[in-house]
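Okay, so here's the structure we're looking at.
Just so it is clear, none of the values below were taken in a lab; they were calculated from the coordinates. What you are looking at is a predicted structure, and each value in this text was computed from that prediction instead of being measured. Cβ sites come from the backbone with ideal geometry, for glycine too, and all protein chains shown count toward neighbours.
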Amino acid sequence: MRRFVLALAAVGALFCACVKEKPSGGDTDTPKEEDYIRLDRHELSIVEGETETLRVENHVKGGESLIFNWKSSDTKVAGVSGNGVVDARTVGVAEIYVSARNGDFADTCKVTVTPKPVPATSLSLSSRGFALKVGQESNLTFKVEPANTTDPVSWTSSDESVATVDSQGLIEAVSPGEAVIDVVVGNLKESCTVTVLEPGIKILIVDPLVKVYSGSRLQLGEETIRVAGGEAATAQLLIDADGSALTNIDITVSSSIGITPKVYWEKEILCTEHWYSFAYGKPSDELVADDNLYPDPLIPVSEGTWNVDAGRNPIAWIEYTIPRGFRPGEYTVSATVTASKNGENVSLSKDFTIKVYNVTLPEKQSLMICNWDLGTYNAMNGGNPCDRAREYELRKILVEFMNDYGQNVWHLSYMIPLNMSWPYLKMNPDGTKDYVFDYSVLDEEIQFFLDNCPDLRAFHAPDFMAANPADGGNLKCAVYSFDEENFGDWVQHPDGSWEYKPNGQGWPTGGGRYLSDPATVKYLQSYFKGLVAYFKTKKLPDGRTWFDLYRQQLAEELNDGWVESWNQYARTIKQAAPDIKLLDPVSSNKYDRDMLDEPVTCLGMFERIQPKETGQWMYTGVIPEGEYANRMIRMPLIKTRILHWINYKYDHIGYLHWGLKY
């Protein structure tokens, strides 16, 4: 019994020893006996631009009232008021200090300022759909507004056995089939359908507004083409040769629509430096072929079979012009391609549908359209020079082709006072001299367009003035400068009258004459007064005259540098021919509104130019300029479709494109 009591005493002593020796570094949240202050938070995350209030817990004996001092380690990141209000200023980290009684008591809070959330408001993908072959990769990109959104981005594939996508939008084709690739930014989602093609030779329908070139993404088109009466149903068919060379390629087309189609092969041409230089920076959607070969001209299938090298894919262009009032319905078109592949004959077929709606376009388009050709047809003549008879043969082909595409205003190649309306001087009885002009060459050209362009709305006479920066903004005009001693002869008629007939060598020195020369004023006023009078004698079947179709351009791309000189020329000409209609491309709004009847406005100038009641044209050139929607080999075809929505928006009466055959 005694031994048991002693044992209990020993255990009790050991327990007491453990209580007295409490380990250091115990529970720091338990208030210590000494005085202190403590912030209610020691870490704070706050969004840029917002505020939060820190509070101090006072643990000083006796409830002493303390005065707290606040300080920030980086006031650019976060500031703090005397009441502990923290304001987040810029993204970063700062320490907020609070102290009292000269630093006897203090505490700290780490403040992290995070970016202010910027939600995405719009999202678009670089493609809505395209095709790949197994093993091919393609990078899908997106555009989000605003660009500084803080929303997270995620990519997913609806079927990873067909196509996968990584966190950067890189898609890899795994096996034949179809997968939908989604990109999600915040609450916004956009989708792209990826078709992985079966191996082997085949015919694919490609969106006709997409150019197919080496390195481009293949965008499949719909197999139903929807049109109204008066429109054209167009299909672009790519023969996927699966990497092989094809020879003796031919295509036949049949349909239930009962209309003979136009069928072409798309020919690739080499895009040289001249064609891919951009005047005002490259557009964001510039097309870049790996080999600088681009599809551009259309070659009629009737000209013979087609051949392509290994790695190239022939493309056919099929076009049905649907007459106005054509019966609505769905019509099947079948295209059959035959070719030789590695010495073996192959035959492929592809069907698509044309759906004609019960809608008919107006019989005549309201918009005037002029593709300004350059007046030379050597390229259409195998690179050889043409005499005038051959030019008219080739021009007839061009006019008939462009009639189908809405061109109804033609540029007059021969209407230049300098070289085709040969002037001569006539001596008056009082000894004064007047100019007389021969309009026979011009007469021939205008009659040609009347005969070959059924919907001719106007003919456009080209400019005849040019500016040289060294001339201080003064325009020179191309007019004859008579040297009676060296460039012609005076001829007396039987009635005793005299004429001075030049020999065609009386060209102005230095490329032109200024308006300050009285001879220039007399020449211009005589020329245009006589021309207007002549046009008014030429009757049209509807009672109008050639004058009603006549539009005269004075200078090339009127700008601020020579606008005042242009105004002076225009006033001089209208003084002699008040009702002449002047039509000039402009990039200045300082022209005389009473002089310019139909301004042809460059893109980007529509709001700045205020046209007269006759209306306004739109002008684009062969040379592209930044994001402008000009026709160019290295630019998407969709931009040409957008052009006429621009015309519609601004109620333009005409569209001028410079460089039809450039």
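General observations
- Cα gyration tensor, the stretch 278-375 - rounded (a/c under 1.5), prolate or oblate: oblate
- With a simple spin-label model that places each label point 7 Å from the Cα along the Cα-to-Cβ direction, the separation between Val180 and Ser161 comes to 1.9 nm.
- Amide H contacts of Glu48 (H built 1.01 Å from N, under 5 Å, at least 5 apart or other chain): Thr114, Lys116
- Summarising the label geometry, the points placed 7 Å from Cα in the beta-carbon direction at Ser214 and Gln568 lie 5.5 nm from one another.
- Tensor-based shape of the stretch 215-371 (alpha-carbon gyration tensor, a/c under 1.5 rounded, otherwise prolate or oblate): oblate
- Once the Cβ-Cβ distance of Asp296 and Asn342 is raised to the sixth power relative to R0 = 25 Å, the FRET efficiency obtained is 0.30.
- Annotation: amide H of Ile269 within the under-5 Å range of Tyr294, Asp296, sequence separation 5 or more or interchain, hydrogens built in the peptide plane.
- DSSP-assigned coil residues among GluC sites (Glu not before Pro) in the stretch 38-87, each with at most 12 further Cβ atoms within 10 Å: Glu50, Glu64
- Restricting the stretch 283-355 to trypsin sites (Lys or Arg not before Pro) in coil, as DSSP defines it, with at most 10 other Cβ within 10 Å: none
- Net length gained if the chain between Asp104 and Thr376 were fully extended (0.36 nm per residue, minus Cα distance): 88.3 nm
- Computed from phi, the 3J(HN,Hα) profile of the stretch 176-186 under the Karplus parametrisation 6.51, -1.76, 1.60 (θ = phi - 60°) reads x, x, 9, 9, 9, 9, 10, 10, 10, 10, x Hz, with x in place of Gly and Pro.
- Amide H to amide H, with H built 1.01 Å from N, Met618 comes under 5 Å of Thr601, Gly654, Tyr655, Leu656, counting only residues 5 or more places away or on other chains.
- Loop sites in the stretch 72-177: trypsin sites (Lys or Arg not before Pro), DSSP, at most 14 other Cβ within 10 Å: Lys76, Arg128
- Cα gyration tensor shape for the stretch 104-225, rounded if a/c is under 1.5, else prolate or oblate: prolate
- A straight chain from Glu145 to Asn307 at 0.36 nm per residue would run longer than the Cα-Cα distance by 53.7 nm.
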